[in-house]
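Structure first, then comments.
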Amino acid sequence: QLVQSGAEVKKPGDSLTISCKASGYRFSSFWIGWVRQVPGQDLEWMGIIFPADSDTRYSPSFQGQVTISVDKSITTAYLYLSRLKASDTATYYCVRTDLATISLGAFDLWGQGTKVFVSS
Amino acid sequence: QSVLTQPPSASGTPGQRVTISCSGSNSNIGSNSVNWYQQLPGTAPKLVMSRNDQRPSGVPDRFSGSKSGTTASLAISGLRSEDEANYYCSSWADNLNGWVFGGGTHLTVL
């Protein structure tokens, strides 16, 4: 399963790190990524990382604005958001792909979501 | 505007069969498989169909999937009230080197 850190309230310009603790499977063998859902809107894939070698891919929409990392020793993935804006208000989900071949994978495990509210 | 196109809503009565479509292009659905996710209100999405037509363990066989060209479909037969949810399609996009999603279809069980 994937268990995420709790809800956050931030001000514009702040930074934030969301964590995602994985358990019950071989952490290094599956891609783990992040999906954003703005309230009432659809899902957006942000990026993904392969824990075994830290190979990381970002959506062009989020490249340069977020950083994804892992700590294999504690089977945890992280999403770092910098210079937050009101438009970053959303629920952020961590996800696992079910295959090592990235383009064939489906998101078979989802975290419970972390709600982030950004307001002055 | 989402890369993959889904109807915003669909509906059916209990016991009926409903189909949700997902339209893309050659760079996504046309050359890659499609996955479907169900999102109940206030919860995280759940995978209900992978790689066009593979049902994950635990998903009822009332759910089926298909793909032809640049369009995919999710069918739900024997509709039940607990099927009322938002459904999202997703596919790998070669031109973006990542996944794209549809805008979601809200299924109402009348």
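The values are calculated or read from the model by the stated rules, or taken from the named source; none is laboratory data. Values in this document were obtained by computation on a predicted structure and should not be read as measured data. As a convention, Cβ positions derive from the backbone with ideal geometry for all residues, glycine included, and neighbour counts pool all protein chains shown. With ligands, DNA and RNA removed, areas are computed over all heavy atoms of the protein, side chains included. Shrake-Rupley method; radii C 1.70, N 1.55, O 1.52, S 1.80 Å.
Only one residue in B:42, B:69 is at positive phi, at pLDDT below 95 and open to solvent by 20 Å² or more (accessible area, probe 1.4 Å), so which one is that?
On the way: B:69 fails: at pLDDT below 95.
After ruling out the rest, the residue left standing is B:42.
In segment B:45-66, of all residues being facing another protein chain (nearest Cβ under 9 Å), not aliphatic (A, V, I, L, M) and not in a loop (DSSP other than H, G, I, E, B), the one that is surrounded by the most Cβ atoms within 10 Å (Cβ to Cβ) corresponds to B:50.
I'd like the full set of residues that are surrounded by fewer than 21 Cβ atoms within 10 Å (Cβ to Cβ) and closer than 28 Å to residue B:96 by Cα, limited to segment B:4-16.
Scanning segment B:4-16 gives B:5, B:7, B:8, B:9.
Listed by first and then second residue, the pairs with beta-carbon distance under 7 Å, at least 6 apart or on different chains, first residue in segment A:89-116 and facing chain B (nearest Cβ under 10 Å) and at negative phi, second open to solvent by 10 Å² or more (accessible area, probe 1.4 Å) and modelled with pLDDT under 90, are A:105/A:99. Screening segment A:1-43 for strands (runs of 3 or more DSSP E) wholly inside it with 3 or more residues that are out of contact with any helix residue (DSSP H, G or I) (no Cβ under 9 Å at 6 or more places or on another chain) and touching a residue at least 24 places away in the same chain (Cβ under 8 Å) returns the ranges A:2-4, A:16-22, A:32-37.
Pairs linking a residue in segment B:2-14 that is part of a strand (DSSP E or B) to a residue that is open to solvent by 30 Å² or more (accessible area, probe 1.4 Å) and not β-branched (Val, Ile, Thr), with Cβ atoms under 7 Å and 6 or more positions apart or on different chains, are B:4/B:23; B:5/B:23; B:9/B:106; B:11/B:110; B:12/B:110. In the condition set (1) surrounded by 15 or more Cβ atoms within 10 Å (Cβ to Cβ); (2) in a strand (DSSP E or B); (3) of a type in the set (Val, Ile, Thr), residue B:19 is compliant with all but (1). So for segment B:57-64 (the condition being touching a residue at least 40 places away in the same chain (Cβ under 8 Å) and more than 26 Å from residue A:62 (Cα to Cα)), does at least one residue qualify? Looking through segment B:57-64, none of the residues is touching a residue at least 40 places away in the same chain (Cβ under 8 Å) and more than 26 Å from residue A:62 (Cα to Cα).
Scan segment A:66-75 and tell me whether some residue there is within 10 Å of another protein chain (Cβ to nearest Cβ) and open to solvent by 10 Å² or more (accessible area, probe 1.4 Å). No - not one qualifying residue is present in segment A:66-75. When the residues of segment B:97-110 are filtered to those that are open to solvent by 10 Å² or more (accessible area, probe 1.4 Å) and free of Cβ contacts under 8 Å to residues at least 24 places away in the same chain, the one that is nearest to the other protein chains (Cβ to nearest Cβ) is B:99.
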